[in-house]
Ligand SMILES: [Fe+2]
């Protein structure tokens, strides 16, 4: 896989893998919980250009410690993109932003440090 993953449709299988991750505590900059101090490498960044949002997790990718999933939701909580990663992939996801989308929230799951999300990011 290259440095960018484009996933216009999310499979039911992938949705089923992500759902239980979100059922756990989702960590944020404001509430990093037991992993305080680790937010810098775990909270995704979102860059929007034209109709695409590029989500990057500034985290290393190693065989024993990697970003397992990245996904994004719109302001209504609908999934707009997701990817499952191996440690040999880059921790990034590019999603097509549907017309009318007002905001994006990006999530990721680290195999050692839990699930993190961004604040809601408005779409200009
Ligand atoms: Fe981590």
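Read-outs: derived from the displayed coordinates by stated rules, not from any lab. All values reported here derive from a predicted model rather than from experimental measurement. FYI the Cβ positions are ideal-geometry reconstructions off the backbone, even for glycines, and counts take in every protein chain you see.
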For 116, 66, what's the fewest-to-most ordering of other Cβ within 10 Å of each Cβ? 66, 116
Could you compute the FRET efficiency for residue 9 and residue 35, with r as their C-beta to C-beta distance and R0 at 30 Å, rounded to 0.05? 0.40
I need the per residue convex hull volume for segment 12-122, using only the alpha carbons, in cubic angstrom as a whole number. 100 Å³
Least to most buried among 14, 112, by other C-beta atoms within 10 Å and fewest first, runs 112, 14
Using a Gaussian network for the chain with springs between C-alpha atoms less than 10 Å apart, which of these wobbles most: 19, 53, 106? 19
Using the beta-carbon distance between residue 76 and residue 16 and R0 = 22 Å, what value does 1/(1 + (r/R0)^6) give for FRET efficiency, to the nearest 0.05? 0.65
How far is it, in nm, from the label point at residue 54 to the one at residue 28 when both lie 7 Å from their Cα along the line to the Cβ? 2.6 nm
Order of 115, 29, 83, 48 - criterion: other Cβ atoms within 10 Å of each residue's Cβ, fewest first: 29, 48, 115, 83
